[in-house]
Amino acid sequence: MNKSAFHKLSYGVYAVTAQDGTRPVGCIANSAMQITSNPPSIAVSINKDNFTHSVIQKTKNFAISILSEQTDPAIIGTFGFQSSRDADKFTTTAYEMQNGLPVLQDICAWFTVEVTQQMDAGTHTVFLGTVTDCEVRSNATPMTYAYYHAVLKGKSPKAAPTYVEESEQPAVSSKNRYVCTICGYIYEGESLPTDFVCPICKQPASAFKLLT
């Protein structure tokens, strides 16, 4: 089974956020979709291991921030490769409160959602909810999962439904390949510059290892 086939499905890149008391939390998701238009409803799929998952279950509310191709890739590193159990992801990320929920600012649109139903999907829960408010922030092109892989050369967090083990992914170049041990970003070239900084999680060259 070549699981890379799943990458041919259409996905976006979203920051799904919630409010844990006075503390904002969030994670990256790529499975979010409109279900109905009247009333407007949206569903998202969140890994049960994500701290954000437990907060959404508890509060029955979440927000979706749609990332654009111009969004700082460091946001993906912050929200996709760290846990809100251990890190305050919002100390370095500009955000505002909408309907009591944290919404990122470097985005093209946002939604706030009240959960109405949940579906157990094994490793994930699909949260279905009614949109309580939404707004367009810019006319920038929404980031797609394909763009994230092809242009930013990022990889899926292990909690993502589209995660594929490194050993299952085919090599795409004869050049040397260096992988970021934090977020999985792959640099291709003859050698890795000593002053290189990961464009996804902002780690230095010392965080990379040569793939053999």
Explain nothing, just compute: Karplus ³J(HN,Hα) = 6.51 cos²θ - 1.76 cosθ + 1.60, θ = phi - 60°, for every residue of the range 191-203 in order, whole Hz, x for Gly and Pro.
8, 8, x, 5, 9, 5, 10, 4, x, 8, 10, 6, 7
Simple SL model, points at 7 angstrom along Cα→Cβ for Val126 and Ala94; separation in nm is 3.6 nm
Computed [θ] at 222 nm, deg cm²/dmol, the chain (DSSP H ≥ 4; -39,500 (n - 2.57); rounded to nearest 500)
-2500 deg cm²/dmol
Loop-resident sites, the range 28-133, for GluC sites (Glu not before Pro), counting at most 16 other Cβ within 10 Å (DSSP):
Glu69
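Which number do you get for Rg(Cα) / (2.2 N^0.38 Å) in the chain? Each step should come with its number before you reach the end.
Numbers: Rg = 17.3 Å, N = 212, 2.2 N^0.38 = 16.8 Å.
Rg over 2.2 N^0.38 Å, computed on Cα atoms: 1.03.
Please work out how many pairs of lysine residues in the range 1-132 are eight or more positions apart (or on different chains) and have Cα atoms closer than 29 angstrom.
Working: Lys3/Lys48; Lys8/Lys48; Lys48/Lys58; Lys48/Lys60; Lys48/Lys89; Lys58/Lys89; Lys60/Lys89.
So the count works out to 7.
Can you give the local net charge around Thr132? Use residues other than it whose beta-carbon is closer than 15 angstrom to its beta-carbon, Lys and Arg +1, Asp and Glu -1. Please report the intermediate quantities before stating the final value.
Values: positive: Lys60; negative: Glu114, Asp133, Glu135.
Once all neighbours under 15 Å are counted, the net charge is -2.
No value in this document is a laboratory result; all are computed from the given coordinates. Keep in mind that this is a model prediction, so the values were computed, not measured. Glycine also receives a Cβ, built like all others from the backbone with ideal geometry; neighbour counts cover every protein chain displayed.
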